[in-house]
Structure formats: C-alpha cells, structure tokens
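Q: I have a structure I would like to understand better, so I am pasting it below and will then ask my questions one at a time.
The values are calculated or read from the model by the stated rules, or taken from the named source; none is laboratory data. For clarity, every value in this text was computed on a predicted model and none was experimentally measured. Backbone-built Cβ (ideal geometry, glycine too); neighbour counts: all protein chains shown. When the accessible area is computed, the model is the full protein with side chains, heavy atoms only, and any ligands, DNA or RNA have been set aside. Shrake-Rupley method; radii C 1.70, N 1.55, O 1.52, S 1.80 Å.
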Amino acid sequence: MKPIIALNLKTYKKSSMENSLSIAKTVEITAKKHKRYAEFILAPNTLDLKCVSEYLKNTKLFSQHVDPVEPGKSTGKIVPYYLKKIGVKGSIINHSEDRMKLQEIKNVIEILNKFSLKSLVCVENLKEAKKIAKLSPTYIAFEDPKLIGTGIPISRAKSNDVKKFVNIVKRNSDAIPLCGAGISSAEDVKAALELGTEGVLIASAFVKSRNKKSFLEKIIKTIKGV
Ligand code: G3P
C-alpha cells in the first residue's frame, strides 16, 4: 500500500482562503507527479472546501470535521450529503481540537459509509484506539494532543506507543493506522512508516514551511527509500 500523507490545513491564516487555493494547487501537482509512491489527503478549512475542490484530481479532499446528520432540520452542521455533492472524499473525525462522543463517531461513520465517503478518526491514546478500531473506520490516526504543534514528532517521542497502536488497530479492525503530531520532516515520516503506520498527518510544519513543494518533495524522496 502507498503511504498516506494527510495535510491538515487547520484554520491558520497562512493556509486559509486564497492561501488554501495556492496550497491545494501545489499539493495537486506533487500528488499527480508522485502518484505511484504516495497518496495525498488535503483537509482545508471548511469554508475553503468548495473552492479548492475543482482543482484536485489526484489528491483526496477531506473535511476537518463532519456531523452525524442528514439534510434537513439541523443548524450549523457539516452534513455528509453536501460534502459528497461538492467532491469531498472523506473527513477527519474526532480530532483532539474538535472532539466527539463515541456514539456520534459511530453514527457519523455509518452516514459516511452510506455515501461512500472515507472516515479518518483521530485517537488520543491506546485505550481510545481500541474502542475506535471496533467501529471499523477507514483510517485511525494516533495523535498525542500534547505533541500537536510542538515540532516534537510522535514517531520519535512516542515510538513505543505508536508500535502498540499499530498492533491494536491490526488486531481489532481492517482500518489503516496513521499517526500525527509534531511531524516536521521527511525523517519523521520515515520513522512513522518504520514503526508500522501506513502514513502520517501533518499540519503546522507544512503550513509554516516557506517552500511547500520542496517540503513535500523531500518526503517523497525519503518514502521511495523506505
Ligand atoms: O491533524 C494533524 C495535526 O493535529 C498535527 O498537527 O501541527 O503537530 O503537525 P501538527
């Protein structure tokens, strides 16, 4: 399986509005050029999803959050049905910056499945990983909230836990194990893959990098060697 590089643009000014569009174009060029070696997921700010959608063919467009609702009597929700309509391919769920209850996660995975949308559920620890694995989402991402945005990579700082996480996911589901938090360089990505994950989530290091094309190219070069 090709490694997954999931880029969460969060709500940074540097990656929102017109900036999200230029980032999306860069990611798409890289994803197209290297489609044999990696699979790219891009999760822009919710308000930018529709605008970037038409530029992405080789990159999977994901929402940063989704609600367990169908079209109709709900206010202020992100509705899977409409995500599908605008070309979104899946969603991050239960990110530590946007936590959900277990029952809501279960419901939202079911609705996403109904629309053939992928589910990427974040977990903060191994106990939560076991519970979520039983819901069989498409991907489960281990992100230690304490490391998010610090530049200290989970793949080095918590390597034992990442290994245990991969085992838990494999024993309890067919979900694809990913990890994120502090991943800042190609070497951090390599470490994550060597621990048995099948990809990473990256936010701040990518958003803050001056040369995004070169940031991604370095990762691809390293992936080719793993
Ligand atoms: O979803 C990915 C994210 O939470 C990791 O953030 O800034 O540590 O790469 P960061």
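Q: Anyone know which of THR75, THR26, THR197 comes out most mobile in the 10 Å Cα GNM of the chain?
A: Looking only at THR75, THR26, THR197, the biggest GNM fluctuation is shown by THR75.
Q: Could you work out the relative contact order of the range 68-127? I mean the mean sequence separation of Cα pairs under 8 Å and 6+ apart, divided by the number of residues, in percent.
A: After rounding, I find 39 percent.
Q: Determine the sum of side-chain charges near TYR139: Lys and Arg each +1, Asp and Glu each -1, restricted to other residues whose C-beta is under 10 angstrom from that of TYR139.
A: For residues surrounding TYR139, the net value is 0.
Q: Evaluated at 37 °C with a viscosity of 0.692 mPa s, what Stokes-Einstein diffusion coefficient in µm²/s does the range 96-165 have when Rh comes from the Kirkwood expression over alpha-carbon pairs?
A: Translational diffusion coefficient: 254 µm²/s.
Q: Anyone know which of SER173, SER119, SER63 comes out most mobile in the 10 Å Cα GNM of the chain?
A: SER173
Q: How would the range 180-226 be classified by its alpha-carbon gyration tensor: rounded, prolate or oblate, with rounded meaning a/c under 1.5 and the a/b versus b/c comparison settling the rest?
A: oblate
Q: Can you tell which of ASN58, ASN125, ASN160 shows the greatest fluctuation in a Gaussian network model of the chain with Cα springs below 10 Å?
A: ASN160
Q: May I ask for the distance between the Cα centers of the range 30-73 and the range 130-195, given as a whole number of Å?
A: Result: 21 Å between the Cα centres.
Q: Now a separate question. Out of the total accessible area of the chain (probe 1.4 Å, heavy atoms of protein only), what percent is carbon and sulfur?
A: 50 percent
Q: What are the extents of the Cα atoms of the range 143-197 along their three principal axes, listed from largest to smallest and rounded to whole Å?
A: 30, 21, 17
Q: Taking Cα pairs under 8 Å and at least six residues apart, what relative contact order does the range 4-225 come out at, in percent?
A: Over the range 4-225, the number comes to 18 percent.
Q: Beyond 33 Å, what percent of the Cα pairs of the range 4-225 remain?
A: Tail of P(r) above 33 Å: 9 percent of Cα pairs.
Q: Can you give me the accessible area per residue for the chain, using a 1.4 Å probe, in Å²?
A: Heavy-atom accessible area per residue stands at 48 Å².
Q: Quick one: dipole size for the chain, taken about the Cα centre, charges +1 on Lys/Arg Cβ and -1 on Asp/Glu Cβ, in debye to the nearest 20.
A: Roughly 440 debye for the chain.
Q: Under a Cβ-only charge scheme (Lys and Arg +1, Asp and Glu -1), can you give me the dipole magnitude of the range 1-101 about the Cα centre, in debye to the nearest 20?
A: Approximately 300 debye in magnitude.
Q: Sticking with this one: Which residues make up the longest stretch of the chain that has no trypsin sites (Lys or Arg not before Pro) in a DSSP loop with at most 15 other Cβ atoms within 10 Å?
A: Answer - 147-209.
Q: Hey, if you put +1 on the Cβ of every Lys and Arg and -1 on every Asp and Glu Cβ in the range 1-55, which of THR46, LEU9, THR30 ends up farthest toward the positive end of that dipole?
A: Comparing the listed Cα positions along the dipole, THR30 ranks first.
Q: What is the extension gain from LYS57 to LEU21, computed as 0.36 nm multiplied by their sequence separation minus the C-alpha to C-alpha distance, in nm to one decimal?
A: Going from the current span to full extension adds 11.6 nm.
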